[in-house]
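A short write-up of the structure that comes next.
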Amino acid sequence: MAFKLVVAILALVVSHSSFTKASFLEDSCGTETDCSEDVPNSVCLEGLCQCAANYVQDDGNVDGCFPRRLIGAPCTIKKQCPTNGDCQIGLNNRRRCQCTSEYLANEINTACEEIEPLDLGAVCRDTRQCNKNVTNSECIMNGEGNLVCQCTQDDYIPDVQNLSCLKVASKLGDSCEIDAQCAKIPFIQSKCNETGFCDCLDTHVADAENTQCYEIKYELGATCEIEEQCQFMGSNCTDGACNCIDDWIPYAPKCLEKINDINGTQCVIDDQCPAHSACDDVAMKCSCEEDFIADRENLSCLTVLNAIGEMCMESSQCSGMNALCENSMCACPSTGFVENDNFCYKKINDINSSKCVIDEQCPTNSTCDNETKNCRCEEDFVADILSLSCLPVVNATGEECSDSTQCSGINALCENSMCACPSTGFIEKDGVCYKVRNTLGDPCEVADQCNVPQSTCKAEICDCIEGFIGKENNCYKLVDLNVGVCEVNEQCPTNSTCLLTTKRCQCNDDSVSSGNNKICLAAQNTLEAECLEEAQCKIQDSQCTGNKCICRSGFVPEENQCFPERSELGDPCEKAIQCLVQGSTCLNEKCSCGTDFLDKDKICYKVLHLDGEICEIDEQCPVNSNCSLSTGGLDKKCQCTSGYVSSENKSTCLIAQDTLGMQCLENSQCTVENSKCLQNTCQCPPDFTQNPGANSCLKYEVLGGQCSVDVQCKLAEKSERVECRENKCQCKQGFLAETKKNVCSSGPEIALAAAAILWNFLLSLLM
């Protein structure tokens, strides 16, 4: 009993201790209120006091729960802020949640995201997005009210590709990459030059201090402020305008430099040139005027002198006379010259080389040739081997000489002071040396030169004598066909060959020997080919007549062959041309009558139609016709026999039908007057009618027309009301004739028609 009491007391103590109210976070708890009464915003989870959802516990602090905060919201501790955020002192010295420097709040401020690098022009929320990719850029609102990455205003501009921000230059000489960096320099027309520095535009120039750009001037008289503005040569800025400097002359719109030389510096106008000179329009250099010449230094123009003995200053004044200025006078050089008519001509010491003007220039026994203007030896003289003097020509071997050129006219050499032929390769004839020619075709003058056996000099070349022919530098005797011995083909007549086995000339396969064995004539394998002898005509049964290959008498040509003529029907044949009987051809290898011909008594008669051609026998004519004289005719012609008529195409005779209702093919068969062949039957045509009980066709008649029977009378309608009376078509009794309408009307019909006419008339009056 006592034991049970103790146990109950202990259980009561334990039970009381487990529901003791908690005072701090992480203390044991049993209900929500155990925690929240002492630590606001806490809950009991898994038997421990913990901060409620959307609340956080400060590290090391167990006495409070702090609400989670968005970026920008007030805070107390760091853990209140989103990941990568911090509770930092901001405006008004108040602590607020902010993302750390490497992060950026998302658009709803619930999280800190890593800063995304953006290009220029991209939509942004923070300058750090722009600066992370492009230095010196920031997130700025554009003209459309959107925040976009742009270069820092005023101080930077985007590059051409919009990939980076370039610093704006503040003065000339600042470094740059693009023209736009320089464009904002105040009051200065500048650009970025090729060296990477801000410079004046091409149309402007900087002053000496490099602080201002001035417009470049290119014309005389243009207003200026600094010397550098006048950019054309030879100019400067004086009195506020671009003017030419000393030694330069104005030539609108620029300045030209004065020239102090002749034939050297390029010029534009005469005023640039020294005295007595002008600017040549072609060479564009100063050249001396007429009757003046440049001095030796090409600095001035001196008067040209025209007579030997005139006073001079330089030899150039005398150069027109080929003279020199010696002792202040124009004179010919003391040696090597000759004076003629106030000109100094140089003496010439050679023949046929240097040019001359007058005979006095040339060596002894020579004169100046008027055409070539070379010194030429006079007639009967020749230049020596060095062409320095003229020696007398030697005209025959054995005469005296001093130089081989004297003997050259006779192809000789001067040996031992005598003209003689060279020891080898020459022959002597009549005092002249001729070169021996060892090859056919070489040039020659006399027959003795030609050294090939059986050769002579023909038309100034070595050739074989008559009766011989040349080959491989040998002369072979010409040989007739099948007579004499040959060695080469060239010995044989044209179109023949020298047979190696017989050593005889024989015509080639495509030729035949003439009757006299002198020539080979072309074998002719074609009729009508030209020929001279019958042996040429190779077509069987052909002969040469009138210089042409034709078939022999009794043969005819066809497809380049000669076929025997065939004079009778039934003779064997190959071609139609062989068959001579008129109207015949070659059928089944026999001469037979051709198409449209018939054979009778070995004669071919033409098969005729009924078209008027002359015939000879009945067999020529169509069936049911014969060959007979027509009435009053002189010639026989094919005519249908009695009871038959000709068809329309004249090709046959058709039976004549003299009764209506008989079968027919053509109108000509129907012989009853006015009948026609309709639907293969002889009938009266539509405008005729058959006479009842008679074999005739009567023409239909209208009222009043002539008739013989009632059926001839035909009305426009109701023909039963008409009859043939007194040989005229008249209305029957009880009917009235309306001739214009070709009708017979009854009384009521007439009355009704009259009433209709009257009614129409009354209606027309009312209208």
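In table form, for the structure just shown:
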quantity	calculated
Residue in region 454-462 that is out of contact with any strand residue (DSSP E or B) (no Cβ under 7 Å at 6 or more places or on another chain), without any contact (Cβ under 8 Å) to a residue 40 or more places away in the chain, surrounded by 14 or more Cβ atoms within 10 Å (Cβ to Cβ) and at negative phi present	yes
A383 vs. criteria touching a residue at least 24 places away in the same chain (Cβ under 8 Å), open to solvent by less than 30 Å² (accessible area, probe 1.4 Å) and closer than 30 Å to T265 by Cα	no
Residues satisfying the stated conditions in region 252-276, i.e. surrounded by 16 or more Cβ atoms within 10 Å (Cβ to Cβ) and outside any loop (DSSP other than H, G, I, E, B)	K254, C255, L256, E257, Q272
Qualifying residue in region 606-616 (condition: open to solvent by less than 80 Å² (accessible area, probe 1.4 Å), in a strand (DSSP E or B) and either out of contact with any strand residue (DSSP E or B) (no Cβ under 6 Å at 6 or more places or on another chain) or over 27 Å from Q669 (Cα atoms) (or both))	no
Condition met for K548 (without any contact (Cβ under 8 Å) to a residue 60 or more places away in the chain, over 27 Å from G484 (Cβ atoms), out of contact with any Asp or Glu (no Cβ under 9 Å at 6 or more places or on another chain) and open to solvent by 50 Å² or more (accessible area, probe 1.4 Å))	no
Any hit, region 556-568, residues being in contact with a Lys or Arg (Cβ under 7 Å, 6 or more places away or on another chain), over 30 Å from C507 (Cα atoms), in a loop (DSSP other than H, G, I, E, B) and among the charged types (D, E, K, R)	yes
Of all residues in region 467-502 being open to solvent by 80 Å² or more (accessible area, probe 1.4 Å), more than 60 Å from the chain's Cα centre (by Cα) and free of Cβ contacts under 8 Å to residues at least 24 places away in the same chain, the one that is nearest to E530 (Cα to Cα)	L478
Meets criteria (open to solvent by 70 Å² or more (accessible area, probe 1.4 Å) and in contact with a His (Cβ under 6 Å, 6 or more places away or on another chain)) for E215	yes
V39 being part of a loop (DSSP other than H, G, I, E, B), modelled with pLDDT under 80, under 27 Å from P82 (Cβ atoms) and open to solvent by less than 90 Å² (accessible area, probe 1.4 Å)	no
Candidate set: region 108-145, residues that are within 18 Å of N162 (Cα to Cα) and among the polar types (S, T, N, Q); chosen: the one farthest from the chain's Cα centre (by Cα)	T127
Test: residue in region 319-335 that is under 27 Å from I259 (Cα atoms) and surrounded by 13 or more Cβ atoms within 10 Å (Cβ to Cβ)	yes
Matching residues, region 716-749, being open to solvent by 60 Å² or more (accessible area, probe 1.4 Å) and assigned to a helix (DSSP H, G or I)	E720, P748, E749
Condition check for A522: under 54 Å from the mean Cα position of the chain (by Cα), farther than 23 Å from C505 by Cβ and crowded, with 17+ Cβ neighbours inside 10 Å	no
Strands (runs of 3 or more DSSP E) wholly inside region 438-548 containing at least 2 residues that are modelled with pLDDT of 90 or more and closer than 30 Å to I427 by Cα	455-458, 461-464, 468-471, 474-477
Residue among P692, P685 that is at pLDDT 90 or above and over 30 Å from C638 (Cα atoms)	P685
Pick from region 428-437, criterion part of a strand (DSSP E or B) and charged (D, E, K, R), ranking: least open to solvent (accessible area, probe 1.4 Å)	R437
Any hit, region 644-651, residues being of a type in the set (A, V, I, L, M, F, W, C) and in contact with an Asp or Glu (Cβ under 9 Å, 6 or more places away or on another chain)	yes
F555 being under 30 Å from I603 (Cα atoms) and open to solvent by 40 Å² or more (accessible area, probe 1.4 Å)	yes
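Conditions (1) touching a Leu at 6+ places or on another chain (Cβ under 8 Å); (2) of a type in the set (D, E), marked per residue:
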residue: D687; (1), (2): no, yes
residue: L703; (1), (2): yes, no
residue: S719; (1), (2): no, no
residue: A737; (1), (2): yes, no
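The values are calculated or read from the model by the stated rules, or taken from the named source; none is laboratory data. Predicted, not measured: the structure shown is a model, and the values here were computed from it. Don't worry about glycine lacking a Cβ; one is built from the backbone with ideal geometry, like all the others, and counts go over all protein chains shown. SASA here: full protein model, heavy atoms, side chains in, ligands and nucleic acids out. Shrake-Rupley method; radii C 1.70, N 1.55, O 1.52, S 1.80 Å.
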